[in-house]
Amino acid sequence: MARYLLRRLAFLVVSLALASVVLFVLLRLLPGDPANALTSVGASPEQIAAARHSIGSDRPLPEQFTHWLGQLAHGDLGTSFVSSLPVGPEVTSRLDVTVPLTLAAFVLAVLIAVPAGFVAAYKRRTWYGALLSGVSQLGIAIPVFWLGMILIAVFALNAGWLPAGGFPPDGWSQPAEAVRSLVLPVVTIALVMSASLIRYVRSATLDVLDSDYLRTARALGSSFGRAMWRHGLRNSSVPVISVLAIELASTLLGAVVVESVYALPGLGSMLATGIAQHDYPVIQAVLFVSTLAVLLIGFAADLVQRIVDPRLRGRLSGGAR
Amino acid sequence: MSIKKTSLYGTATAATLVLALTACGGSGTGGGATAGGSYDKNATVNIGSLYEPQNLDNTAGGGQGVTEALNGNVYEGLFKLTDDGKVEKLLARDYKVSGDGLTYTFTLRDGVKFHSGKAFTSQDVKYSLQKVLADDSQSARKSNLEVVKDIATPDARTVKVTLSKKSISFVYNLSYVWIINSQAKNLKTTEDGTGPYKLDKWTRGSALGLDRYAGYWGRAAGNQKVVFHYYKDATALNNALLTNAVDVVTSEQSPDALDQFKSNQNYKVNDGNSTTKLLLAFNDKAKPFTDVKVRQAVSAAIDDKKLLESVWAGYGKLIGSMVPPTDPWYEDLTKVNAYDPAHAKQLLADAGYAKGFTFTLDTPNYDPHPTAATFIKSQLAKVGITVKINTITPDEWYTKVYKNHDFTATLQEHVNDRDLVWYGNPDFYWGYDDKQVTQWVEQAEEASTTAEQTALLKKVNEKTAQDAASDWLYLYPQIVVASSKLSDYPLNGLNSQFYAYDIKKKG
């Protein structure tokens, strides 16, 4: 296990390094000049050159890259071209919105999807089992922003129960307000996410239900519940865990849309603004932090799978890979 | 000067899914006028805006949002530009101009303190002016103020500024210069001004709060707190207004949303005068727009009124020139080159284009340009002109059109007041070159009285209109939508300023 962890950690570092190179190069290939965002339209060529110089975009790419890496090594995410304020503190403050949003949505989605998916599989021949499958199919087709707009119209504009968007300026020092403003965004993400999760849980459960070992266990006198608990759940959870990890990661990245719909000051809206303004340090920082988060989620998912399924431990920890 | 480069998320798309609100008919009266009755002196006014500051320093790229939130509210100038475009004394108690018009002597107001507690002196004026003129300054007014040759401070209450040449707009330009404590630090995230509010808290990406400053030299603000809430798109902003998360929207950008406010007595929709002009800018140095008749023909062939109706549903104004009603040299020139397709055809024939011609229209990809381009295309088709629409990003526009002058015609919005003077610069992107106009613009700036300046710029106005230097399609509306509990808010919001200190809110 220790060797595995070490190897996994090395993989993480290498991936992150590769990602940072790709990120950096791709951004520079985009059309547009960040100096445009800094100068007013009346600017002279000298002013534009000065703007480029002040943000360092006139230096050779390798030099800019090593400069960025050097900053990263010191835990500094750089300085925004546009605001000339450090990016790091802003990322941190925006994580206060994005992390609770993503985690709460994820937990809610799992709470909905696991029982619903199980029922959809186990009771697939009943009308409500079929209905669950049908609804989840439909759910996958619904765009997040559209669902968001519907929920805003119904629960905020019409009923007036919840805010239509925004986050309290004082953040979590007003916990009740902060929670209230996250309810609709969380529900929006959770509903869309659970729709696809239900289908995974359902098919994973179906595999188990049809499996030989479950039949064997029951033939040996185990009750259905006991057989499911001891054998079924474990087996079905392995593929579900990878799917969960992917879903969690994509929720984090997909927060862009939901944060825009609900005007939340999260990482997603920071990225959107950064892109619109060619603010490379901001884009780089947000994508870097997101990449790190996605890699960590994948790492965690692998570990959990190993804990749940001893066979994976035996097969891979010896270095068979 | 500044042309709006990006409307970030400007396209507030799709149908607003707003369920019917009770229509009560009859909107209130009075607009920003003083509401009768009592109001809450300790109220918090929540303001919704699409323009978040980049940072809090207007000489370091703070952008339009920092002007909106801090100008006049937190920082004050020697002079103030009122909401109807007049220049009034603020931190300057008085001033004298020397006979040759080159030396301005300002006497400063007594008893003014910065929010940090330090007394306001002539040193601070000198420092603030130098900050705008510094090499790394990104102030939009830097080029206008470069006539400043020397700043002397004979005593704590007196500032003497010497100019390199006469500049009648000097005092007006000073209304853009924030007076900052010369010892202040970290102005990108904090402030030290003299205004009626001090900064409470700025949460990036979300909100900026201001608190009434107890030591203010003037009349105290009519409310205790002001919070600017920032939104990325117009729909979210309108939703915030509908759910009372904000009390007023500084500049409504979504005409589709207006009906729901107009039909609800809890809101008031105010139609003010903006300074933003939508231009069909010809390249006056590129064929066929080198020919004045062709420019006049195109101008006369487009029904601006119908365009404005379709884009803004009756809001906004036709202008017929570069000058909005809040500029001192405004006059109604809508009759010059007014809509007249028959006359347009005649002009085209006179210019040798009886069978019309084809040109490419470089069109920024955000609203309202694509709509306007399609409209222009269909209008010009009726007089035999074929328009090829070339959709470009704001970046491309900046490089291709603005910097390289590589275009035949383009669409663009110009946001500032008093920007008629660009027609006096033959090197500006639209290439209008008339020696007489250039001379009038120069003379106007060196005029001794504002009356003289106004008379000259009126001539410029008329000449450029007759020459159809550009086609000024319409003046954007400046729509402030507010809760009917509010009164005394600014209506025109010139150059993005939004004075919040007079706003009163009923309890």
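The values are calculated or read from the model by the stated rules, or taken from the named source; none is laboratory data. None of these values were measured; they are calculated from a predicted model. Every residue, glycine as well, gets a Cβ built from its backbone with ideal geometry; the counts of neighbours run over all protein chains shown. Note: areas computed on protein heavy atoms with side chains; ligands, DNA, RNA excluded. Shrake-Rupley method; radii C 1.70, N 1.55, O 1.52, S 1.80 Å.
Across every pair of different alpha-carbon atoms, what Kirkwood hydrodynamic radius in Å does the range B:352-485 reach?
Value: 17.2 Å, from the Cα pair sum.
Go through the range B:185-279 and name the chymotrypsin sites (Phe, Trp or Tyr not before Pro) that are in a DSSP coil and have 13 or fewer other Cβ atoms within 10 Å of their Cβ.
Answer by residue number: there is no such site.
Suppose R0 equals 51 Å. What FRET efficiency, 1/(1 + (r/R0)^6) with r the Cβ-Cβ distance, do A:Leu296 and B:Lys285 give to the nearest 0.05?
0.30
Any chance you could tell me what percent of the C-alpha pair distances in chain A go past 27 Å?
Cα-Cα pairs in chain A separated by more than 27 Å: 57 percent.
Count, for each residue of B:59-65, the Cβ atoms from other chains sitting within 10 Å of its Cβ, then give me the mean as a whole number.
That works out to 3 on average.
Using the membrane-span-like helix rule (whole DSSP H runs, Cα extent along the own axis of at least 20 Å, mean Kyte-Doolittle hydropathy at least -0.5), which helices of chain B qualify?
Helix filter hits for chain B: none.
Under a 1.4 angstrom probe, counting protein chains only, how are B:Lys458, B:Lys80, B:Lys277 ranked by accessible area, largest first?
Sorted by accessible area, descending: B:Lys458, B:Lys80, B:Lys277.
Let me check something: with ligands and nucleic acids excluded, how do B:Tyr176, A:Tyr262 order by accessible area (1.4 Å probe), largest to smallest?
B:Tyr176, A:Tyr262
Just the Cα atoms of chain B, one point each, no solvent: what log10 I(q)/I(0) does Debye give at q = 0.05, 0.06, 0.08, 0.14 Å⁻¹?
-0.20, -0.30, -0.53, -1.45
Given the peptides B:488-501, A:292-305, arrange them by the average over their residues of other C-beta atoms within 10 Å, most packed first.
B:488-501, A:292-305
What is the magnitude of the charge dipole of the range A:153-245 about its Cα centre, with +1 placed on the Cβ of each Lys and Arg, -1 on the Cβ of each Asp and Glu, and no other charges, expressed in debye to the nearest 20?
Dipole about the Cα centre, nearest 20: 460 debye.
Show me, bin by bin at 10 Å from 0, the whole-percent P(r) of the range B:468-507 based on Cα pairs.
Whole-percent P(r) values from 0 Å outward: 23, 41, 20, 11, 5, 0.
Of the cross-linked pairs B:Lys293/B:Lys345; B:Lys149/B:Lys458; B:Lys188/B:Lys504; B:Lys403/B:Lys458; B:Lys142/B:Lys201; B:Lys335/B:Lys459, which ones have a Cα-Cα span greater than 21 Å in the structure shown?
In this structure, B:Lys149/B:Lys458; B:Lys188/B:Lys504; B:Lys403/B:Lys458; B:Lys142/B:Lys201 lie more than 21 Å apart at Cα.
Can you give the accessible area per residue of the range B:74-140, in Å², using a 1.4 Å probe?
Per-residue value: 44 Å².
Students sometimes get this wrong: rank B:His115, A:His231, B:His369 by accessible area, probe 1.4 Å, all chains present, largest first.
Of B:His115, A:His231, B:His369, the descending order of accessible area is A:His231, B:His115, B:His369.
Pop out a list of residues from the range B:181-225 that are at least 10 Å² less accessible with all the protein chains around than in their chain alone; 1.4 Å probe, no ligands or nucleic acids counted.
Checking the loss per residue gives B:Lys188, B:Thr189, B:Lys201, B:Thr203, B:Arg204, B:Gly205, B:Ser206, B:Ala207.
Quick one: work out the % antiparallel among DSSP beta bridges in the protein assembly as shown, nearest 5.
So the antiparallel bridges amount to about 75 percent of the total.
Among B:Trp178, B:Ser139, B:His369, flag the residue with its Cα farthest along the positive direction of the charge dipole of the protein assembly as shown, charges on Cβ as +1 for Lys/Arg and -1 for Asp/Glu.
The residue sitting farthest along the positive end of the dipole is B:His369.
Using the C-alpha atoms of the range A:1-147, what convex hull volume per residue, in cubic angstrom, is computed?
209
Could you give the size of the charge dipole of the protein assembly as shown about its Cα centre, using +1 on the Cβ of each K and R and -1 on the Cβ of each D and E, expressed in debye and rounded to the nearest 20?
Roughly 2960 debye for the protein assembly as shown.
Given the peptides A:101-109, B:244-252, A:216-224, arrange them by the average over their residues of other C-beta atoms within 10 Å, most packed first.
B:244-252, A:101-109, A:216-224
According to the square roots a ≥ b ≥ c of the eigenvalues of the Cα gyration tensor, what is the shape class of the range B:315-428, taking rounded for a/c under 1.5, prolate for a/b larger than b/c otherwise, and oblate for the remainder?
Verdict is oblate for the range B:315-428.
Applying the Karplus parametrisation 6.51 cos²θ - 1.76 cosθ + 1.60 with θ = phi - 60° to the phi angles of the range B:68-75, what ³J(HN,Hα) value in whole Hz is obtained for each residue in order, glycine and proline being reported as x?
Calculated HN-Hα couplings, in order: 4, 7, 9, 5, x, 8, 10, 10 Hz.
Enter the per residue convex hull volume of the range B:140-285, computed from alpha-carbon coordinates, in Å³ rounded to the nearest integer.
So the per-residue Cα hull volume is 223 Å³.
Provide the descending list of Cα extents for the range B:171-231 along its principal axes, expressed in whole angstroms.
Largest first, the range B:171-231 extends 34, 26, 25 Å along its Cα principal axes.
Just need log10 I(q)/I(0) for the range A:190-321 at q = 0.11 Å⁻¹, Debye formula, equal scatterers on the alpha-carbon atoms, no solvent, rounded to two decimals.
-0.58
How large is the charge dipole for chain B, taken about the Cα centre, if only the Cβ atoms of Lys, Arg (+1) and Asp, Glu (-1) carry charge, to the nearest 20 debye?
The calculated dipole for chain B is roughly 700 debye.
Before rounding to the nearest 500, sum -39500 (n - 2.57) across all DSSP H runs of length at least 4 in chain A and divide by the residue total; then give [θ] at 222 nm in deg cm²/dmol.
Value at 222 nm, helices only, nearest 500: -25000 deg cm²/dmol.
Heavy atoms of the protein only, probe of 1.4 Å, neighbouring chains included. What is the accessible area of B:Trp422 in Å², nearest 10?
40
What's the buried accessible area, both sides, between A and B using a 1.4 Å probe, rounded to 100 Å²?
Summing both chains' loss of accessible area gives about 3300 Å².
Over the Cα atoms of the range A:116-174, compute the convex hull volume and normalise it per residue, giving Å³.
132
Express the carbon and sulfur contribution to the solvent-accessible surface of the protein assembly as shown as a percent, rounded to the nearest whole number, probe 1.4 angstrom.
The computed percentage sits at 57.
Using protein chains only (no ligands, no nucleic acids) and a 1.4 Å probe, work out which residues of the range A:123-158 have their accessible area cut by at least 30 Å² relative to the chain alone.
With the partner chains in place, the range A:123-158 has these residues losing at least 30 Å²: A:Met149, A:Ala153, A:Leu157, A:Asn158.
Restrict the search to the range B:89-170; then list the trypsin sites (Lys or Arg not before Pro) that DSSP places in a loop and that have at most 13 other Cβ atoms within 10 Å of their Cβ.
B:Lys165
Could you give the C-alpha radius of gyration of the protein assembly as shown expressed as a fraction of 2.2 N^0.38 Å, taking N as the number of residues it contains?
Its radius of gyration relative to the 2.2 N^0.38 Å reference: 1.09.
Relative to the longest principal axis of chain A, what angle (0 to 90°, nearest 10) does the C-alpha long axis of helix A:175-209 take?
The two axes meet at around 50 degrees.
For the charge dipole of the range A:204-312, defined by +1 on Lys and Arg C-beta atoms and -1 on Asp and Glu C-beta atoms about the Cα centroid, which residue among A:Ala219, A:Gln277, A:Ser237 has the Cα displaced farthest towards the positive pole?
Going by the Cα projections, it comes out as A:Ala219.
Do you know which residues of the range B:226-273 lose at least 30 square angstrom of accessible area in the protein assembly compared with their chain on its own, with a 1.4 angstrom probe?
Those residues are B:Tyr231, B:Lys232, B:Asn239, B:Thr243.
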